């Protein structure tokens, strides 16, 4: 409470924040698949469980974008801070702004174990902190990133290991906030393994459906949880540079990414063609949680805001 009062005095929290519209938020970032192999593939061959089990419950955005820097750390930071910013992609540079996870902890007084960043890539431990002088080192979410959850320097782990960690965390702490990274499509793309890339999209699809089943089977989460499935970036289209192998420019393949959202109170089965981007999603999550995100250069996504 003392820190909340201090932040209010410094003007970094709103004196009166809007009422929360959801109790719990889970964000899963599937690292680096192209739209052309996910929702842009007409038969949805590689994402059957998203298409058949999750989409009827949610809202699919067909024109969602990374409008900033199309590489891992920058894309993820845009989703947590609401700001597009270039970041050292090695994991040695923190975001320049606080996240909605930190602001939620400030307003609720919840401990670190109520909000988690759980990632296959160790370098994404940077998402738990910021260089902003008011927030640096304060109200950080708990982190379980990389091998054995040890963070930067531990190395990358399998997506199954990450989801196993999510399961342990849910059982032990029942957190209100989960921000998850799955690396399979990106890792296989960079390894030039086309079949491995497609298999990883299928694997992450199955992991996402299993996560939703776990949440729905848990009374703490059932009917109270907003689930967002998105990407940090896409990949070059065929004929652009080295195609599916890489990303990091402004080509349509790198910019066009997915967003499927399941939000309590929002009818499922909707398809929205209006363009939105990653920072808009961060601002919308903040609104759903009833916290401000003043640094966000974004707009809300009205189709995801339930009527109070």
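Values quoted throughout were computed directly from the atomic coordinates according to the rules given, and no laboratory measurement underlies them. The shown structure was predicted, so the numbers you read here are calculated from the model rather than taken from an experiment. When we count neighbours, we look across all protein chains shown, and the Cβ atoms used for this are built from the backbone with ideal geometry, even at glycine.
Panel order for 262, 272, by other beta carbons found within 10 Å of each beta carbon, from fewest to most: 272, 262.
For segment 187-262, the percent of C-alpha pairs falling in each 5 Å distance bin, counted from 0 to the bin holding the largest distance, reads 3, 14, 18, 20, 15, 11, 8, 7, 3, 0.
When DSSP assigns beta bridges and you keep just the ones with both residues in the chain, what percent turn out antiparallel, to the nearest 5? Around 25 percent of the beta bridges assigned by DSSP in the chain are antiparallel ones. Against the longest principal axis of the chain, how steep is helix 278-289, in degrees 0 to 90 to the nearest 10, with axes from Cα atoms? Orientation of helix 278-289: about 40 degrees from the principal axis. Across q = 0.08, 0.12, 0.13, 0.14 Å⁻¹, the chain modelled as identical point scatterers on its alpha-carbon atoms has Debye log10 I(q)/I(0) values of -0.30, -0.72, -0.86, -1.01, in the order of the q list. Based on alpha-carbon centroids, what's the gap between segment 244-308 and segment 204-224 in Å, whole number please? Each part's Cα centre sits 20 Å from the other's.
Compared with the rule-of-thumb size 2.2 N^0.38 Å for a compact globular protein, segment 15-124 has a Cα radius of gyration ratio of 1.25. Hey, how many Å between the Cα centroid of segment 128-182 and the Cα centroid of segment 33-91? Taking the Cα centre of segment 33-91 as reference, the centre of segment 128-182 is 20 Å away. Here the residues 169, 201, ranked from fewest to most Cβ neighbours within 10 Å of their Cβ, fall in the order 169, 201. Residue order for 192, 105, 65, fewest other beta carbons within 10 angstrom first, comes to 192, 65, 105.
Taking Cα atoms only, the orientation of helix 159-173 departs from the longest principal axis of the chain by about 30 degrees. Dividing the mean sequence gap of close Cα pairs (under 8 Å, 6+ apart) by how many residues segment 90-168 holds gives a relative contact order of 33 percent. The sum of -39500 (n - 2.57) across all DSSP H runs of n ≥ 4, divided by the residue count of the chain, sets its helix-only mean residue ellipticity at 222 nm to -8500 deg cm²/dmol. Take every Cα pair under 8 Å whose residues are at least 6 apart in sequence, average their separation, divide by the length of the chain, and the relative contact order is 33 percent. Angle check, please: helix 72-81 long axis (alpha carbons) against the longest principal axis of the chain (alpha carbons), in degrees 0 to 90, nearest 10. The two axes meet at around 40 degrees.
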